[in-house]
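Let me begin by presenting the structure, written as structure tokens, before commenting on it.
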């Protein structure tokens with residue numbers, strides 16, 4: 001027998017022994033495992049460090065319990081959740097995006113946590129949009145965790161060049177500002193710098209105008225949910241937005257299909273003056289283009305009748321399949337502790353769900369974050385119904401806006417058709 | 001005695017039957033080891049093609065809304081899903097543009113494939129290098145190349161608009177290729193053709209190599225030129241191969257999904273919502289698996305019909 005084959009045989013034996021050892025250790029210790037699923041973040045190392053600290057604290061307080069944390073990529077998460085729920089292998093605790101919470105609640109996959117939340121003592125201080133997203137038929141199916149709202153991020157220096165000292169507070173003033181910022185710099189007769197982008201490829205910018213004009217996107221009737229996008233106020237709101245592209249021409253030609261990814265790119269490369277976006281973008285713009293340092297301002301979205309912004313974020317949920325509900329609840333509660341709320345908010349650049357924590361100096365004294373935090377009370381979320389996911393995923397909102405921007409339909413036609421399509425998904429009949 | 005005669009008859013009959021009509025069991029007994037070898041492949045095909053296909057057929061007769069399945073077993077609804085789809089204007093629109101898309105892609109793919117194959121069949125220095133480089137678009141994963149092309153077409157930062165504006169076409173300086181219904185449609189066709197031409201070209205090149213030189217030499221003696229040799233010898237002799245390639249391209253292009261999804265997501269304003277994307281949206285957008293399966297079945301049947309027509313044409317020509 002050669003030395004080499006002796007060695008390989010030894011390694012096989014060792015491998016088998018190791019395998020048996022690990023298996024028996026697992027069985028012998030009989031540790032209770034809490035399965036936790038969290039969504040991947042833009043800062044994986046920071047997120048891992050955060051959860052290492054949380055899990056250590058949790059395991060210390062619950063001897064014999066081990067937290068098994070998995071990171072779920074956003075892409076394909078929907079399928080992963082659906083298959084694990086139907087397969088009966090859902091985790092005990094998971095982070096769930098606000099717009100997904102009603103889907104799984106309707107499905108019966110989530111545990112009703114209304115009573116547990118009311119017993120917390122701080123239930124009244126949650127960001128309203130998050131509570132709205134976690135509520136189905138008056139019951140809460142998720143513990144609000146963190147929120148992210150949108151404000152206007154603008155080029156302070158460009159506004160100053162035009163002699164504008166303060167960011168506009170009304171939509172009409174806003175239109176005038178975007179017109180002034182739109183310029184033909186190289187003299188070829190076509191503008192190459194734009195005031196704003198209508199982003200026809202994403203709905204979070206144009207849909208809030210319906211709220212801003214004082215009406216709801218959908219209303220609950222005694223025959224179920226009914227779309228309200230064909231109401232005169234909604235039509236007027238959408239027209240205000242589309243006119244930026246069609247009439248005032250302050251938005252790039254290609255912005256019909258742009259999403260925030262495109263408008264971010266344009267803002268970074270200094271061809272766009274104003275975007276509607278999340279707070280974390282302010283830092284990112286300045287990192288990606290150091291020339292932007294000190295030239296960026298943030299302001300609430302100018303009001304039509306009032307201001308509003310789409311507020312997303314995440315809830316923590318427990319699945320009804322879980323056999324460790326009390327343990328799961330302890331874990332969920334731990335994440336809502338002020339120190340963890342603050343650390344997590346700082347890490348992902350979103351806001352704590354508990355508004356009392358927003359008074360912390362790290363937020364209240366920050367020139368960017370304080371503007372966003374002040375506006376969280378105007379944050380809104382889409383109707384918390386299980387059909388809303390279908391409204392978004394079938395892209396009928398985007399299609400309706402693109403039809404207007406491409407002048408395939410008038411605003412009235414497009415909104416009437418959209419209302420029909422939404423009512424079809426809602427199962428609403430006149 | 002009578003029994004013996006019967007047995008004789010039986011055996012005689014058996015001896016005269018051709019192997020193909022022999023019972024499957026006997027066949028397996030005889031070539032047991034061979035069937036053992038193909039067993040893994042058969043199991044694989046059964047598990048990943050036949051089982052899902054049958055399941056999809058079953059689901060297409062059910063009201064299968066994913067968010068309802070924890071509460072109740074999806075009920076059978078007969079042909080309701082099919083009726084709903086056939087009365088849906090979006091389906092007819094999607095079908096129409098899918099047919100146009102397929103037609104344009106197949107025609108252009110075959111045209112360029114044939115041109116490149118004939119070019120590569122000529123003797124010129126370095127034709128092997130050219131042949132290999134032609135394959136490059138084919139080996140790039142479709143999603144990756146679609147993202148690449150999306151950048152090429154980008155209205156503000158795309159190299160296409162950069163080149164066009166550099167050569168004097170100033171009006172293309174920020175032309176939104178993927179934001180206009182017509183240009184988005186053709187932009188994707190270009191990408192799909194670009195990516196399917198290599199396979200067709202290489203297959204046709206292999207076919208061209210099998211045509212004996214004597215045939216061409218005889219034609220040359222008769223005074224045939226390049227054009228006549230191509231249209232009267234090469235193409236007719238490649239007819240079977242061309243038909244097969246057309247059938248395959250039709251199937252591939254009819255169910256186009258990835259390139260279209262990455263580049264347009266069915267937009268702008270739903271103008272490039274081909275059946276593949278519409279089916280996906282029904283399944284993962286609306287979570288209506290019953291309707292999505294019915295759509296998939298309709299696509300399946302349509303492709304089968306087209307394939308059957310092609311094959312019939314092919315066989316008729318062979319008997320002529």
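Which order, highest average first, do A:396-403, A:154-161 follow once you tally other Cβ atoms within 10 Å for each residue and take the mean per peptide? Let's see the in-between values first.
On the way: A:396-403: 24.8, A:154-161: 17.6.
Put in order of decreasing packing, that is A:396-403, A:154-161.
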Checklist entry - Listing B:112, A:81 from the residue with the fewest other Cβ atoms within 10 Å to the one with the most, what is the order? => result B:112, A:81
Checklist outcome for this item: Highest mean packing first, using Cβ neighbours within 10 angstrom, the peptides B:136-146, B:213-223 sort as B:136-146, B:213-223
Checklist entry - How far is it, in nm, from the label point at residue A:183 to the one at residue B:140 when both lie 7 Å from their Cα along the line to the Cβ? => result 3.7 nm
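Got the relative contact order for chain A handy, in percent, Cα pairs under 8 Å and 6 or more residues apart?
Numbers: 699 pairs, mean separation 106.6, N = 430.
The value is 25 percent.
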Checklist entry - What ranking of B:87, B:60 emerges when the number of other C-beta atoms within 10 Å of each C-beta is taken as an exposure proxy, fewest first? => result B:87, B:60
Next on the checklist: If each DSSP helix of 4+ residues adds -39,500 (n - 2.57) and the sum is divided by the residues in chain A, what number results at 222 nm, nearest 500 deg cm²/dmol?
Outcome noted: -13500 deg cm²/dmol
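Would you kindly work out the equivalent ellipsoid of region A:305-430 from its C-alpha gyration tensor and give its semi-axes, the square roots of five times the eigenvalues, largest first in whole Å? Mind showing how you got there, number by number?
On the way: eigenvalues 264, 110, 23 Å².
In descending order, the three semi-axes are 36, 23, 11 Å.
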Checklist outcome for this item: In Å, the Kirkwood estimate of hydrodynamic radius for region B:83-319 over Cα pairs equals 20.0 Å
Item to check | Where a label projected 7 Å from the Cα of residue A:377 along Cα→Cβ would reach, residues of region A:337-356 with amide N under 13 Å | outcome: A:355-356
Item to check | Cα point-scatterer Debye curve for region A:27-118, base-10 log of I(q)/I(0) at q = 0.15, 0.24 Å⁻¹ | outcome: -0.72, -1.31
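Please report, to one decimal in angstroms, the Kirkwood hydrodynamic radius of chain A built from all distinct Cα-Cα pairs.
23.9 Å
With 10 angstrom as the radius, rank A:424, A:342 by how many other C-beta atoms surround their C-beta, starting from the fewest. Intermediate results must be reported in sequence, preceding the final value.
Numbers: A:424 14, A:342 17.
Fewest-to-most ranking of A:424, A:342: A:424, A:342.
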Checklist entry - Across peptide B:155-163, how many C-beta atoms of other chains are within 10 Å of each residue C-beta, on average? => result 3
Checklist outcome for this item: Here the residues of region A:58-101 lying in the modelled label zone of residue A:261, meaning backbone nitrogen under 18 Å from a point 7 Å along Cα-to-Cβ, are A:73-78
Checklist outcome for this item: Whole-Å distance linking the alpha carbon centroid of region A:156-198 with that of region A:331-388 is 31 Å
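Using a 10 Å cut-off around each Cβ of peptide B:260-271, what is the average number of partner chain Cβ atoms that fall inside?
Numbers: counts 0, 0, 0, 0, 1, 5, 4, 9, 13, 16, 9, 5.
Average per residue, whole number: 5.
Ignore the peptide's own chain and count Cβ atoms of other chains within 10 Å of each Cβ in A:93-106; give me the average, rounded. Write out the running numbers ahead of the final one.
Values: counts 0, 0, 0, 0, 0, 0, 0, 0, 0, 1, 3, 2, 1, 4.
Mean partner-chain Cβ count within 10 Å for A:93-106: 1.
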Next on the checklist: What is the ratio of the Cα radius of gyration of the protein assembly as shown to 2.2 N^0.38 Å, with N the residue count, to two decimals?
Outcome noted: 1.17
Checklist entry - Across all directions of projection, what mean area in square nanometres is found for the Cα convex hull of region B:206-320? => result 10.4 nm²
Checklist entry - What spacing in nm lies between the two simple spin-label points modelled at residue A:236 and residue B:42, each 7 Å away from Cα in the Cβ direction? => result 7.3 nm
Checklist entry - Rounded if a/c is under 1.5, else prolate if a/b beats b/c, else oblate: with a ≥ b ≥ c from the C-alpha gyration tensor eigenvalues square-rooted, which is region B:272-320? => result prolate
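Residue B:123 to residue B:80: FRET efficiency via 1/(1 + (r/R0)^6), r the Cβ-Cβ distance, R0 60 Å, to the nearest 0.05? The partial results should precede the final answer.
On the way: r = 63 Å, r/R0 = 1.04.
After rounding, the FRET efficiency stands at 0.45.
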Checklist entry - What percentage of all Cα-Cα pairs in region B:133-186 are separated by more than 12 Å? => result 67 percent
Checklist entry - Once Rh for region A:269-345 is found with the Kirkwood sum over Cα pairs, what is the Stokes-Einstein diffusion coefficient at 37 °C and 0.692 mPa s, in µm²/s? => result 198 µm²/s
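Assign one of three labels to region A:211-299, namely rounded, prolate or oblate, based on the Cα gyration tensor with a ≥ b ≥ c the square roots of its eigenvalues; rounded applies when a/c is under 1.5, prolate when it is not and a/b is larger than b/c, and oblate otherwise.
Values: a/c = 2.98, a/b = 2.03, b/c = 1.47.
Prolate shape, in that a/c is at least 1.5 and a/b is the bigger ratio.
Each reported figure results from applying straightforward, stated rules to the coordinates on display, with no laboratory input. All values derive from a computational prediction rather than experimental measurement. With ideal geometry, Cβ positions are generated from the backbone for all residues, glycine too; neighbour counts draw on all protein chains shown.
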